[in-house]
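Asks: Would you mind keeping the following structure in view while I ask a few things?
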Amino acid sequence: MTRRALVWAVLGGVAAVAIALVIRYGSPPTPGGSAPGVHRIGFINVGPETVNATNVAAFRAGLAELGYVEGRNLTIDFRWADSKPDRLASLVNELLVLKPDLIVSTGGPPTVRAVKAATTSVPVVFITGDPVDERIVSNLSRPGGNLTGLAVLGNNLEPKRLELLKEALPGVSRVAVIWNPGNPSTAESLDEIRSSARALNLALSFFAARNARELDSALSKVLSAHVDSIYVVGDPVLGYERQRIVDFARTNRLPGIYFWREFVQDGGLMSFGTSLTATFRRAATYVDKILKGAKPGDLPIEQPTKFELVINARTAKALGITIPQPVLLRADEVIQ
């Protein structure tokens, strides 16, 4: 066979394959898009992958319950900013190049804002603190546009957490309050905390942290403030740094109260709030609705309805603390 004949034979074979694909699927899959019958979703988070392993597993389990199987009818493209918000814009653009059917935005306001700024057409399912206070949407019942999702921080819980801390630890008098000034909803929380502290006769010291680097500085200052407990104000960014905060509290024998049960599962003393893992699992239902044709702007944002008091008895024992029996009886779970 001559070289020219060989070239034409190869080209003819390629053409035959292309024609077969068109006959079977209607058109060949486009680069970066989804294969026929396969949904493609992007998943982005401001934190590190390791901290979110349990949450991702819960999200995947929720999708599986709804009939989505990765590799068969679903592809998930993950992007992690590793607690570096300045990376979010480029990571979102990487996902958009892949032409996803929707994007799941987790990790709070920085992630959602980066996605919102990059697209007004790709549907977005977010998980954040309070999307109205964070100025992500203006209406919970009809968010409009291409965004919807789930809130993880309930209103007016901050004073209740401080009351629980004092009830569980009557001897507490000086509290280190760690908060994120980059979260627009935090200012109102601080006012509530101050008011509650006055009623409980507690002295507060405030330590600001917008990111992992500032958290290092804040925790170092806590050591010189002569406090006897830690209080972390509800915020997704601080939530993803929970292991570092819990380890610091344990090393320095500081009991604390937190806003997610995951803090307590990681060794914190107690928490009052929602379950982040359960929220990730619920996010799968929003993904399902949108993939089946629902418009995100018509889907009401889900607000937390269940708040749990969780206590880690092992941590209490390690700190030499005896939690009063009435508090233990009120707990939804006591980790032994």
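Bear in mind these aren't lab numbers, they're just calculated from the coordinates by the rules spelled out. If you're wondering where the values come from, they're calculated on a predicted model, not measured in any experiment. Cβ atoms come from the backbone with ideal geometry, glycine included; neighbour counts cover every protein chain shown.
Asks: In the chain, if the dipole is taken from +1 on Lys/Arg beta carbons and -1 on Asp/Glu beta carbons about the Cα centre, which of ILE230, PHE126, LEU164 is farthest to the positive end?
Replies: The residue sitting farthest along the positive end of the dipole is PHE126.
Asks: If amide H atoms are built 1.01 Å from N in the plane of the peptide, which residues on other chains or at least 5 residues away come under 5 Å of the amide H of GLY256?
Replies: Answer set, sorted by chain and number: ILE230, LEU269, MET270.
Asks: If you rank THR54, THR75 by fewest surrounding Cβ atoms within 10 Å, what's the result?
Replies: The most exposed by this proxy come first: THR54, THR75.
Asks: Moving on to the next point. With no solvent and one equal point scatterer placed on each C-alpha of region 198-252, evaluate the Debye formula and give log10 I(q)/I(0) for q = 0.21, 0.30, 0.32 Å⁻¹, two decimals.
Replies: Treating every Cα as an identical point scatterer, log10 I(q)/I(0) equals -0.83, -1.45, -1.55.
Asks: Relative to the longest principal axis of the chain, what angle (0 to 90°, nearest 10) does the C-alpha long axis of helix 186-200 take?
Replies: 20
Asks: For region 178-184, in order, what is each residue's ³J(HN,Hα) by Karplus, 6.51 cos²θ - 1.76 cosθ + 1.60 with θ = phi - 60°, in whole Hz (x at glycine and Pro)?
Replies: So the J values, rounded to whole Hz, are 9, 9, 10, x, x, 9, x.
Asks: Roughly how far apart, in whole Å, are the Cα centres of region 281-336 and region 55-103?
Replies: 23
Asks: Still on this structure: What distance in nm separates the two pseudo spin-label positions at LYS292 and VAL132, each 7 Å out from Cα along the beta-carbon direction?
Replies: The modelled label-to-label distance comes out at 2.8 nm.
Asks: Can you run phi through the Karplus equation (6.51, -1.76, 1.60; θ = phi - 60°) for region 82-88 and list ³J(HN,Hα) in whole Hz, with x for Gly and Pro?
Replies: Along region 82-88, the couplings run 6, 6, 10, x, 5, 8, 4 Hz.
Asks: Given Cβ point charges of +1 (Lys, Arg) and -1 (Asp, Glu) and nothing else, what value in debye, to the nearest 20, does the dipole of region 194-336 about its Cα centre take?
Replies: Charge dipole of region 194-336: 60 debye, to the nearest 20.
Asks: So, with +1 on the Cβ of K and R and -1 on the Cβ of D and E, and no other charges, what is the size of the charge dipole of region 195-263 about its Cα centre, to the nearest 20 debye?
Replies: 60
Asks: Helix 53-65 versus the longest principal axis of the chain: what angle, 0 to 90°, nearest 10, using Cα atoms?
Replies: For 53-65 against the chain, the angle is about 50 degrees.
Asks: Could you name the lysines whose alpha carbon sits less than 30 Å from that of LYS317, not counting residues in the same chain fewer than 8 places away?
Replies: The reachable lysines, counting only those whose Cα sits under 30 Å from LYS317, are LYS160, LYS166, LYS221, LYS306.
Asks: Would you mind calculating the relative contact order of the chain from Cα pairs under 8 angstrom and at least 6 residues apart, reporting the percent as a whole number?
Replies: Worked out over the chain, it gives 18 percent.
Asks: For the pair ALA199/ALA225, report the inter-label distance in nm, with labels modelled 7 Å from Cα in the Cβ direction.
Replies: Label at ALA199, label at ALA225, 2.2 nm between them.
Asks: Could you give the angle, 0 to 90 degrees to the nearest 10, between helix 3-25's Cα long axis and the longest principal axis of the Cα atoms of the chain?
Replies: 60
Asks: Of LEU66, LEU91, how do they rank once you tally other Cβ atoms within 10 Å and put the fewest first?
Replies: Ascending Cβ contact count within 10 Å gives the list LEU66, LEU91.
Asks: Using amide H atoms built in the peptide plane, which far-off residues or other-chain residues are under 5 Å from PHE206 H to H?
Replies: VAL177
Asks: Over region 128-242, what relative contact order in percent results from Cα pairs under 8 Å that are six or more residues apart?
Replies: 32
Asks: Hey, fewest Cβ within 10 Å first, where do PHE78, PHE126 land in order?
Replies: Result, fewest neighbours first: PHE78, PHE126.
Asks: Near LYS295, which lysines are there with a Cα under 24 Å away, not counting those fewer than 8 places off in the same chain?
Replies: LYS99, LYS116
Asks: Then there is this: Per the helix-only calculation at 222 nm, which mean residue ellipticity applies to the chain, given -39500 (n - 2.57) for every DSSP H run of n ≥ 4 and division by its residues, nearest 500 deg cm²/dmol?
Replies: That calculation yields -12500 deg cm²/dmol at 222 nm.
Asks: Let me understand the chain better: what is its radius of gyration from the alpha carbons, and its Dmax, in angstrom?
Replies: Rg, Dmax (Cα atoms, Å): 24.1, 95.
Asks: Each residue of region 311-325 in order: what ³J(HN,Hα) in whole Hz does its phi give by Karplus 6.51 cos²θ - 1.76 cosθ + 1.60, θ = phi - 60°, with x for Gly and Pro?
Replies: Karplus-based 3J(HN,Hα) across region 311-325 equals 10, 9, 5, 5, 5, 4, 5, 5, 8, x, 10, 10, 6, x, 4 Hz.
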